[in-house]
Amino acid sequence: MSIDMRTIILNQVIASVLGTIVIALLWQQYRHRFAGLGLWLADFAIHTLAMVLFVLRGVIPVWLSIMVGNAFLAAGLIFFYMGLVYFFEQPKHWWRQGFLLGIFIAVHAYFTFIQPNLGARNINASLAILIILLQCLLLMQQLGKEFYPITKWASTVFVGYFLISAACILANLFISPVSDFLQNEALYEGLLMVAYQVLVFATILIIFMLINRRLFLNVEMQQQSLQESEARYRQLVELSPDAIVVYRDQAIVFANSAAAKLLGAASPEVLLGRSAIEFVHPDFRAVAQQRVAQVLSDGEPAPLLEERFIRLDGRILDVEVITGRLEYQGRPALQTIARDITERKRAEMVLRLRLQLVEFAAEHSLEALMQRALDEIGALTQSPIGFYHFVEEDQQTLSLQAWSTRTIEEFFQAEGEGRHYPIDQAGVWVDCVRERRPIIHNDYAALPHRKGLPPGHAEIKRELVVPTLRNGHIVSILGVGNKPEDYNERDVALVAYVADVIWSIVERKRSEEQLQLYQQRLETQNLKLRKLSRAIEQSASTILITDPEGTIEYVNPAFTRITGYTVEEAQGQNPRVLKSGHHPPEFYRNLWQTITRGEIWYGELLNRRKDGSLYWESAAIAPVLDAEGRVTHYIAIKEDITARKEAEEALRHY
């Protein structure tokens, strides 16, 4: 039985053209999603050209058909293998395939031009196919289990190629082929070519299956990623420290645990179904409703805004909110994220209060300053009662009573005990002196050791009293009372900070007054500094005197007590011995420029004691001028403000 090999090759050309068209369509559709499709397209295109060159043998030079056609065939198979490598994102080794192609072309050229032998060329071509397909099989074995349903069919096709190539090698070893491939009418040659043709169609099907599998895995991965993303989102929402509320038609449909805590609910479920707007303070409801309408119409998130919420227990909170639109359970809804900034706002108010009190103190008396401070701290703590007293050096006597405006107008019509009276005669609020710490009495009526109130004094329900300490001594007491709810540690920190600020200003005013007095005396008696030594020696403030070059001539006992340097160690030194390295050179340059101009320098310094520890000082440094206006000395009066600085830092991070 004879066959027409040229007809079989022509059918192979048609099959290759169809395969090229199919792969081109796949490449056009998926080239941006999967790598390797371009190499498969090149494989089928080159394979088609190789088949055309085989069919045209006799029309074109034989060497062109043999050499170029077979080179195209081998190159196409290499492109197919590298397409698999790129498709499965495996390591690429083009140089190996180039080396294999070079050997194939060299062997083929030898048996074409030097020692023509069709059988050897067939064996060479089959060996090249075997090597490339063996690489394809090894690649299939390296892939993960997710590709197993496809790789088993792909491996079957590659094994088919492998067996046909092996059969071709055996046939050419034991059966001598005719000199012209197209004139070969042997049945086995035709069957092998037909089998190759069937495997070409199978290869196209495998490519289809590989692409479909990748598409399926991508969808599966996207679904899994989406599920994981949703799970992470739910977890983030639930664990978020910020309150997150989703509502539709003003009714809350979702709230996280932080929202329940913020709004005073026992659980998020308590909030479901309630109107979101009822938690907005009446002063902000119009703005909130306007923002909701704008988000619904524009679809853009509303910018960050500060407003106030009302908790279920009636407490008012300062919050920061942002609102955006989202799909919730398949329907449009609004999501608001809120953060409690009550403490931050309170801290900002306290810092502003400090600056205001400093400015106020410059033009008002101590009594007016204390009353203003009590009015402000009363507003911050919602306390209608406020009082402030000095504690004398003997730690047994109170002096200079000061009351807040509301206390005088609404609560206290009785006359006080006078400008001075013993602590033992005071009420239970002086427990803070005995225990040397802040005291909270949230159930004043239940105190067993409370004393009776003076006639005309309003009922006391609760109180918070804080002592201010300096150098181990209590110097003042600040108290507030009758807050609508219990006092807590945040109130303690706030009141303690303001009390420290008041005392610092008091000390500063005293120091300024003292400094002015010293300047007046030194203007006429700058050569008699020793006459002032007794007053200076008894001062609780650090006092330091230098010559015009900055050499220390005198320090008082407070200097030794605070810095650790004795008088002998300090004299002859420059004040820079206390420098901590905290302040830049410009800071000290400004200080010297101020005092050398004949002006007083005020500021705060972070200095270092002899033992290496750091401490803060509030300082006033002034030049001492003689009758001709020349600087003869510099005098510095400084107050240890370390405790106040630590309180400010604690409040800032509270």
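On the stretch given as the range 584-619, residues that are more than 24 Å from Gln514 (Cβ to Cβ) and either crowded, with 16+ Cβ neighbours inside 10 Å or among the hydrophobic types (A, V, I, L, M, F, W, C) (or both) total 3. Residues satisfying the criterion are present in the range 126-147 (criterion: part of a helix (DSSP H, G or I), touching a residue at least 60 places away in the same chain (Cβ under 8 Å) and farther than 16 Å from Phe72 by Cα). Among residues belonging to the range 400-436 that are assigned to a helix (DSSP H, G or I) and at pLDDT below 75, point out the one that is farthest from Arg470 (Cα to Cα). Checking each candidate, the answer is Phe411. The helices (runs of 4 or more DSSP H) found wholly in the range 252-328 and carrying at least 3 residues that are under 16 Å from Thr342 (Cα atoms) occupy 257-263. Put simply, of Phe72, Phe79, Phe54 the only residue that is assigned to a helix (DSSP H, G or I) and over 19 Å from Gly98 (Cβ atoms) is Phe54.
Rundown of residues vs (1) over 24 Å from Thr563 (Cα atoms); (2) over 39 Å from the mean Cα position of the chain (by Cα); (3) of a type outside the set (S, T, N, Q); (4) at pLDDT 90 or above, yes/no style:
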residue	(1), (2), (3), (4)
Gln593	yes, yes, no, yes
Leu606	no, no, yes, yes
Trp616	no, no, yes, yes
Ile621	no, yes, yes, yes
Gly629	yes, yes, yes, no
Tyr634	no, yes, yes, yes
Lys638	no, yes, yes, no
Lys645	no, no, yes, no
Glu649	no, no, yes, no
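Could you say whether any residue in the range 536-548 is in contact with a Gly (Cβ under 8 Å, 6 or more places away or on another chain), exposed (fewer than 15 other Cβ atoms within 10 Å of the Cβ) and outside any strand (DSSP E or B)? No: the range 536-548 contains no residue that is in contact with a Gly (Cβ under 8 Å, 6 or more places away or on another chain), exposed (fewer than 15 other Cβ atoms within 10 Å of the Cβ) and outside any strand (DSSP E or B). Being buried (at least 21 other Cβ atoms within 10 Å of the Cβ) and more than 16 Å from Tyr497 (Cβ to Cβ) holds for only one residue in Ala361, Ala373, and it is Ala361.
Might you let me know whether the range 320-337 holds any residue that is under 24 Å from the mean Cα position of the chain (by Cα), crowded, with 20+ Cβ neighbours inside 10 Å and not hydrophobic (A, V, I, L, M, F, W, C)? Looking for residues that are under 24 Å from the mean Cα position of the chain (by Cα), crowded, with 20+ Cβ neighbours inside 10 Å and not hydrophobic (A, V, I, L, M, F, W, C), one finds at least one in the range 320-337, hence yes. Looking at the range 566-575, is at least one residue surrounded by 14 or more Cβ atoms within 10 Å (Cβ to Cβ), in contact (Cβ under 8 Å) with a residue 40 or more places away in the chain and in contact with a helix residue (DSSP H, G or I) (Cβ under 7 Å, 6 or more places away or on another chain)? Checked the range 566-575: no residue is surrounded by 14 or more Cβ atoms within 10 Å (Cβ to Cβ), in contact (Cβ under 8 Å) with a residue 40 or more places away in the chain and in contact with a helix residue (DSSP H, G or I) (Cβ under 7 Å, 6 or more places away or on another chain). Selection within the range 114-144: residues that are closer than 22 Å to Ile204 by Cα and open to solvent by 60 Å² or more (accessible area, probe 1.4 Å). The member of this set that is farthest from the chain's Cα centre (by Cα) is Ile131. Within the range 244-259, residues that are touching a residue at least 60 places away in the same chain (Cβ under 8 Å) and closer than 12 Å to Tyr328 by Cα sit with their Cβ atoms under 7 Å from residues that are open to solvent by less than 30 Å² (accessible area, probe 1.4 Å) and of a type outside the set (A, V, I, L, M), at 6+ positions apart or across chains, in these pairs: Val245/Thr336; Val253/Tyr247.
Okay, residues lined up against (1) within 30 Å of Val62 (Cα to Cα); (2) modelled with pLDDT of 80 or more; (3) polar (S, T, N, Q); (4) open to solvent by 50 Å² or more (accessible area, probe 1.4 Å):
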{"position": "Val178", "(1), (2), (3), (4)": "yes, no, no, yes"}
{"position": "Leu199", "(1), (2), (3), (4)": "yes, no, no, no"}
{"position": "Arg214", "(1), (2), (3), (4)": "no, no, no, no"}
{"position": "Leu217", "(1), (2), (3), (4)": "no, no, no, no"}
{"position": "Glu220", "(1), (2), (3), (4)": "no, no, no, yes"}
{"position": "Arg232", "(1), (2), (3), (4)": "no, no, no, yes"}
{"position": "Arg248", "(1), (2), (3), (4)": "no, yes, no, no"}
{"position": "Gly264", "(1), (2), (3), (4)": "no, yes, no, no"}
{"position": "Ala276", "(1), (2), (3), (4)": "no, yes, no, no"}
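If you go through the range 509-539 and keep only what is among the aliphatic types (A, V, I, L, M) and at pLDDT below 75, you end up with Leu522, Leu527, Leu529, Leu532, Ala535, Ile536. Taking the conditions (1) in a helix (DSSP H, G or I); (2) at positive phi in turn, Thr48 satisfies each one other than (2). Taken over the range 204-248, the criterion of being in contact with a helix residue (DSSP H, G or I) (Cβ under 7 Å, 6 or more places away or on another chain), more than 26 Å from Cys136 (Cα to Cα) and part of a helix (DSSP H, G or I) is satisfied by Glu238 alone. For the range 50-80, the set of residues classified as in contact (Cβ under 8 Å) with a residue 12 or more places away in the chain, among the aliphatic types (A, V, I, L, M) and over 17 Å from Phe104 (Cβ atoms) consists of Met51, Val52, Val55, listed by residue number. Residues in the range 88-113 that are over 19 Å from Ile132 (Cβ atoms), open to solvent by less than 60 Å² (accessible area, probe 1.4 Å) and hydrophobic (A, V, I, L, M, F, W, C): 2 in all. Scanning the range 323-364 for residues that are farther than 28 Å from Gln382 by Cβ, free of Cβ contacts under 8 Å to residues at least 40 places away in the same chain and touching a strand residue (DSSP E or B) at 6+ places or on another chain (Cβ under 8 Å) gives Thr323, Gly324, Arg325, Glu327.
Has the range 479-501 got at least one residue that is under 16 Å from Phe390 (Cα atoms), open to solvent by 30 Å² or more (accessible area, probe 1.4 Å), at pLDDT below 85 and of a type outside the set (Gly, Ala, Ser)? Checked against the condition, which is being under 16 Å from Phe390 (Cα atoms), open to solvent by 30 Å² or more (accessible area, probe 1.4 Å), at pLDDT below 85 and of a type outside the set (Gly, Ala, Ser), the range 479-501 yields no hits at all.
The values are calculated or read from the model by the stated rules, or taken from the named source; none is laboratory data. Remember, predicted model here, so these are calculated numbers, not experimental data. Using ideal geometry, Cβ is built from the backbone for each residue, glycine included, and neighbour counts are taken over all protein chains shown. Note: areas computed on protein heavy atoms with side chains; ligands, DNA, RNA excluded. Shrake-Rupley method; radii C 1.70, N 1.55, O 1.52, S 1.80 Å.
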